[in-house]
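Working notes, structure below.
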Amino acid sequence: MQNEHTEVYDTLKKYIARHIQLTEEEERYFVSLLRITMVKKKQCIVQPDFICRYRSYVFSGSMRAYLIDSNAQEHTIAFAIDDWWITDYTSYIFQQPATLFVEALEETVLVQLDYNAEQLLMETVPKFERFFRIITQRSFAFLQQRMLSNLSMTAEQRYELFMNKYPQISQRVPQYALASYLGMSTEYLSKLRNNRISKKS
């Protein structure tokens with residue numbers, strides 16, 4: 001089964017090598033704890049009120065994490081495309097019921113690590129503590145930057161910032177999901193997008 005997914009595991013190992021160096025034995029042990037999951041478009045891997053058991057690495061495809069408020073409005077909290085991680089971090093880290101949905105926006109291939117396996121991994125190969133700390137810190141820094149931009153920027157400024165920083169995401173995710181991420185209506189997003197195109201032409 002492992003040979004079948006060599007490309008998937010090799011891609012994740014390259015990602016990890018950017019942060020920590022593993023021996024061949026440590027790599028083999030790490031891979032033995034993983035599972036590969038194929039997720040269909042619109043399928044959720046995390047839902048509110050259920051404890052999030054997995055940290056997920058996107059090998060291919062795209063995902064989003066979102067919240068539904070008391071008025072049944074969706075608020076997209078995060079996106080993840082190839083070579084990104086996604087989960088409901090609060091639920092995963094504290095092993096408490098989730099508040100977010102984590103949904104596939106395209107057919108997606110995930111590499112998943114179970115919470116208990118992660119704890120065992122960090123005990124057995126302590127350098128993984130550093131690795132998971134780095135990616136968790138980056139996730140929280142990213143969320144803080146996003147919160148500050150929501151408080152201090154206009155909708156148009158938020159849109160321009162996102163398009164300049166993450167042009168590849170804007171091409172992969174549906175307009176309704178991007179609009180809810182940026183805190184605007186799909187109609188207003190469409191207007192901003194058309195204005196941007198007409199300025200370039």
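Nothing in this text is a laboratory measurement; each read-out follows from the coordinates by a stated rule. Everything numeric in this text was worked out from a predicted model, so none of it was measured. Please note: Cβ atoms are built from the backbone with ideal geometry, for glycine as well, and neighbour counts cover all protein chains shown.
Those residues that are more than 18 Å from Phe128 (Cα to Cα) and charged (D, E, K, R), I need them from region 1-52; list them, please.
Here is the first cut: in region 1-52, the ones more than 18 Å from Phe128 (Cα to Cα) are 1-8, 36-52.
Selection gives Glu4, Glu7, Lys40, Lys41, Lys42, Asp49.
Does Val173 count as part of a loop (DSSP other than H, G, I, E, B) and crowded, with 19+ Cβ neighbours inside 10 Å? Reasoning before the result, please.
On the way: part of a loop (DSSP other than H, G, I, E, B): yes; crowded, with 19+ Cβ neighbours inside 10 Å: yes.
Spelling it out, Val173 is indeed part of a loop (DSSP other than H, G, I, E, B) and crowded, with 19+ Cβ neighbours inside 10 Å.
Name the residues in region 150-161 that are assigned to a helix (DSSP H, G or I) and surrounded by 13 or more Cβ atoms within 10 Å (Cβ to Cβ), would you?
Taking region 150-161 first, the residues assigned to a helix (DSSP H, G or I) are 150-152, 155-161.
Matches in region 150-161: Ala155, Glu156, Arg158, Tyr159, Glu160, Leu161.
Considering only region 81-101, how many residues are under 19 Å from Leu34 (Cα atoms) and buried (at least 22 other Cβ atoms within 10 Å of the Cβ)?
3
For (1) part of a loop (DSSP other than H, G, I, E, B); (2) in contact (Cβ under 8 Å) with a residue 12 or more places away in the chain; (3) over 16 Å from the mean Cα position of the chain (by Cα), each residue gets a yes or a no:
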site: Arg130; (1), (2), (3): no, yes, yes
site: Ile134; (1), (2), (3): no, yes, no
site: Gln144; (1), (2), (3): no, no, no
site: Leu148; (1), (2), (3): no, no, yes
site: Met163; (1), (2), (3): no, yes, yes
site: Ile197; (1), (2), (3): no, no, yes
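Suppose we filter region 53-95 for residues that are touching a strand residue (DSSP E or B) at 6+ places or on another chain (Cβ under 7 Å), within 26 Å of Phe128 (Cα to Cα) and among the hydroxyl-bearing types (Ser, Thr, Tyr); how many remain?
Result for region 53-95: 8.
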